[in-house]
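Undergrad: One structure, as structure tokens, below. Some questions next.
The values are calculated or read from the model by the stated rules, or taken from the named source; none is laboratory data. Bear in mind the structure is a predicted one, so any value in this text is a computation, not a measurement. For neighbour counting, all protein chains shown are included, and Cβ atoms are generated from backbone atoms with ideal geometry for every residue, glycine included. Please note that ligands, DNA and RNA were not included when accessible areas were found on the heavy atoms of the full protein model with its side chains. Shrake-Rupley method; radii C 1.70, N 1.55, O 1.52, S 1.80 Å.
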Amino acid sequence: MPLIPTACATTGPFFPPRYIDAGCNDLSRFEGRAARGEPIEIHGRVLQEDGVPLNNLIVEIWQADAGGVYGHPADPRIKEADRDFLGWGRATTDPEGAYRFRSVRPGARPPRARHVNFQLMASGLMRVLPTVMYFESEAGNDADPVLAAVPAARRALLVAHRESAGVYRFDIRLRGERETPFFEL
């Protein structure tokens, strides 16, 4: 019997404040212990096409630890993973569309450059929006196969700008000429 397609449902209608526990945006510590590696901060704003900030949007990140290992059973190097690094975090945007994470600089996983995976969820979105953030001036960016799959003129939209030592800004724009490239899951 063939399946009948159904319409997608929107996410939401809202995310209550309790949806994000305090400290979920701090990947640099796990159960009170500091993760190994260079501490970093990633922050930015999520904006609509016209520059209006998106409030109460959920931003999730996941990444490898400083040694380039994901704390996941499917990672063949799981035994080398930093047990003090969870590798996943969640934040919500404020009325200015701002989000902030504390983490450690991820290790590269050749052929991939250092990167942080992002996923956005919000009321009114028909699906989650996955994207990837790369680090400015990273030697491996040119050879990264995921970044290379993005048209050259749009690759800079996936690169976080270094504001100071260990502080990176990654703004995300939904729709329009400067839309952040998003990927299929």
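Undergrad: Right, residue 45: open to solvent by 30 Å² or more (accessible area, probe 1.4 Å), under 25 Å from residue 127 (Cα atoms), in contact (Cβ under 8 Å) with a residue 24 or more places away in the chain and basic (Lys, Arg) or not?
TA: yes
Undergrad: Would you mind finding the one in 64, 113 that is surrounded by 15 or more Cβ atoms within 10 Å (Cβ to Cβ), in contact with a helix residue (DSSP H, G or I) (Cβ under 6 Å, 6 or more places away or on another chain) and of a type in the set (A, V, I, L, M, F, W, C)? Please lay out each step first, then the result.
TA: Values: 64 fails: in contact with a helix residue (DSSP H, G or I) (Cβ under 6 Å, 6 or more places away or on another chain).
113 is the lone residue from the list that is surrounded by 15 or more Cβ atoms within 10 Å (Cβ to Cβ), in contact with a helix residue (DSSP H, G or I) (Cβ under 6 Å, 6 or more places away or on another chain) and of a type in the set (A, V, I, L, M, F, W, C).
Undergrad: So for the range 164-174 (the condition being at positive phi, surrounded by 12 or more Cβ atoms within 10 Å (Cβ to Cβ) and over 12 Å from the mean Cα position of the chain (by Cα)), does at least one residue qualify?
TA: yes
Undergrad: Follow-up. Which one of the conditions (1) closer than 15 Å to residue 133 by Cβ; (2) touching a Gly at 6+ places or on another chain (Cβ under 8 Å); (3) surrounded by fewer than 18 Cβ atoms within 10 Å (Cβ to Cβ) does residue 88 fail to meet, given that it meets all the rest?
TA: Looking at each condition in turn, residue 88 falls short on (2).
Undergrad: Given the conditions (1) farther than 13 Å from residue 60 by Cα; (2) modelled with pLDDT under 95; (3) touching a Ser or Thr at 6+ places or on another chain (Cβ under 6 Å), and given that residue 127 satisfies all but one, which numbered condition is not satisfied?
TA: Status for residue 127: all satisfied but (3).
Undergrad: Taking only pairs six or more apart or across chains, which ones have beta-carbon atoms under 6 Å, a first residue in the range 71-88 that is within 13 Å of residue 27 (Cβ to Cβ), and a second residue that is open to solvent by 90 Å² or more (accessible area, probe 1.4 Å) and assigned to a loop (DSSP other than H, G, I, E, B)?
TA: Correct list of pairs: 82/36.
Undergrad: Taking the range 154-163, which residues are farther than 16 Å from residue 112 by Cβ and either open to solvent by 50 Å² or more (accessible area, probe 1.4 Å) or touching a strand residue (DSSP E or B) at 6+ places or on another chain (Cβ under 6 Å) (or both)? Full working, then the answer.
TA: Start the filter on the range 154-163 by keeping residues that are farther than 16 Å from residue 112 by Cβ, which leaves 154, 156-157, 161-163.
The answer is 154, 156, 161, 162, 163.
Undergrad: What residue, among those in the range 116-153 that are part of a loop (DSSP other than H, G, I, E, B) and among the β-branched types (Val, Ile, Thr), is surrounded by the fewest Cβ atoms within 10 Å (Cβ to Cβ)?
TA: Filtering the range 116-153 down to residues part of a loop (DSSP other than H, G, I, E, B) leaves 122-128, 136-138, 144, 149-151.
So of that shortlist, the ones also among the β-branched types (Val, Ile, Thr) come out as 128, 150.
Details: 128: 14, 150: 16.
Ranking the candidates gives 128 first.
Residue-by-condition table, conditions (1) open to solvent by 10 Å² or more (accessible area, probe 1.4 Å); (2) at positive phi; (3) of a type in the set (Asp, Glu); (4) touching an Asp or Glu at 6+ places or on another chain (Cβ under 8 Å):
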| position | (1), (2), (3), (4) |
| --- | --- |
| 37 | yes, yes, no, yes |
| 41 | yes, no, yes, no |
| 76 | yes, no, no, no |
| 98 | yes, no, no, no |
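Undergrad: Here's a follow-up. Within the set of pairs 6+ apart or on separate chains, which have a first residue in the range 104-119 that is under 12 Å from residue 70 (Cα atoms), a second that is small (Gly, Ala, Ser) and outside any loop (DSSP other than H, G, I, E, B), and C-beta atoms under 7 Å apart?
TA: From residues that are under 12 Å from residue 70 (Cα atoms), the pairs are 108/140.
Undergrad: Exactly one condition in (1) closer than 20 Å to residue 100 by Cα; (2) in contact with a helix residue (DSSP H, G or I) (Cβ under 7 Å, 6 or more places away or on another chain) is false for residue 155; which is it?
TA: The number of the failed condition is (1).
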